[in-house]
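What follows is calculated from the coordinates using simple rules that are stated; it is not laboratory data. Only a predicted model underlies this, so the values are computations on that prediction, with no experimental measurement involved. Cβ placement follows ideal geometry from the backbone for every residue including glycine, while neighbour counts extend to all protein chains displayed.
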């Protein structure tokens with residue numbers, strides 16, 4: 001099979017703008033995770049897993065994000081899911097961005113700084129999710145896993161919740177931080193992306209004609 005058939009086709013309209021949005025959104029996504037990590041108050045479920053793996057086996061959190069992303073992407077094969085360019089970029093850019101920002105931003109000193117980093121990270125995460133999803137260049141590997149399982153007849157809400165709880169549980173056992181930040185993220189991210197995804201979506205010609213666009217995330 002040719003490489004072009006392995007990947008979802010690229011939209012033909014506004015491709016340069018889509019690529020800029022994709023890169024900016026994914027770099028910002030990784031940065032937002034790093035800010036939440038530096039708060040010390042807890043992070044989103046998949047980042048709890050990355051942090052737990054880092055603490056248990058060594059290596060940088062962002063590097064584990066890349067490794068986990070590759071493993072999750074491999075689960076797409078039996079599910080017959082096709083990645084997009086954005087899917088591949090997601091695996092690499094988010095992890096590199098996490099490592100870079102963690103190297104630049106020190107851990108929070110005091111409760112005020114910790115909450116400032118956490119809230120900044122959560123809001124930033126919601127905004128940049130809208131930016132990179134809006135690029136329309138393919139779902140994130142973790143989201144694609146949930147979509148692939150749901151295509152087997154399971155409710156998407158149940159699948160996504162189950163997968164994220166599994167990642168959270170494994171990460172917690174390995175030493176990842178579950179705390180107020182995890183709860184704040186869980187409560188806040190839905191309402192934020194509900195506004196940012198449609199606000200930043202770059203519609204294709206087909207979508208402008210009335211076809212809805214899929215919503216995808218990390």
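Summary of computed values
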{"read-out": "Helical contribution to [θ] at 222 nm, DSSP H n ≥ 4, -39,500 (n - 2.57), averaged over the chain, rounded to 500", "value": "-23500 deg cm²/dmol"}
{"read-out": "Label-point gap, in nm, between residue 156 and residue 60 - each point 7 angstrom along Cα→Cβ", "value": "3.4"}
{"read-out": "Which of 57, 200 has the fewest Cβ neighbours within 10 Å, and the rest in rising order", "value": "57, 200"}
{"read-out": "Peptides 42-52, 134-144, 71-81 ordered by average Cβ neighbours within 10 Å, highest first", "value": "42-52, 134-144, 71-81"}
{"read-out": "Tilt relative to the chain, helix 61-74 - C-alpha long axis, 0 to 90 degrees, to 10", "value": "40"}
{"read-out": "Ranked packing of 34-41, 174-181, most packed first, by mean Cβ within 10 Å", "value": "34-41, 174-181"}
{"read-out": "For segment 15-199: relative contact order, % (alpha-carbon pairs under 8 angstrom, 6 or more apart)", "value": "42"}
{"read-out": "Interatomic Cα distance distribution for segment 80-192, bins of 10 angstrom, percent", "value": "11, 34, 42, 11, 2"}
{"read-out": "Cα gyration tensor shape for segment 61-103, rounded if a/c is under 1.5, else prolate or oblate", "value": "oblate"}
{"read-out": "Segment 18-82 shape via C-alpha gyration tensor axes, a/c threshold 1.5", "value": "oblate"}
{"read-out": "Residue of 198, 107, 16 that the Gaussian network model of the chain assigns the largest fluctuation, springs spanning Cα pairs under 10 Å", "value": "16"}
{"read-out": "Label point distance in nm, residue 20-residue 183, each placed 7 Å from Cα along Cα→Cβ", "value": "4.2"}
{"read-out": "C-alpha long axis of helix 156-174 to longest principal axis of the chain, angle in °", "value": "30"}
{"read-out": "For the chain, convex hull of alpha carbons as volume per residue, Å³", "value": "126"}
{"read-out": "Between segment 35-100 and segment 177-195, the Cα center-to-center distance that results, in Å", "value": "18"}
{"read-out": "Most fluctuating residue given options 99, 90, 125, as computed from a GNM of the chain linking Cα atoms under 10 Å", "value": "99"}
{"read-out": "Global geometry of segment 3-113, whether rounded, prolate or oblate, following the gyration tensor of its Cα atoms and the 1.5 cut on a/c", "value": "oblate"}
{"read-out": "Tilt relative to the chain, helix 45-57 - C-alpha long axis, 0 to 90 degrees, to 10", "value": "60"}
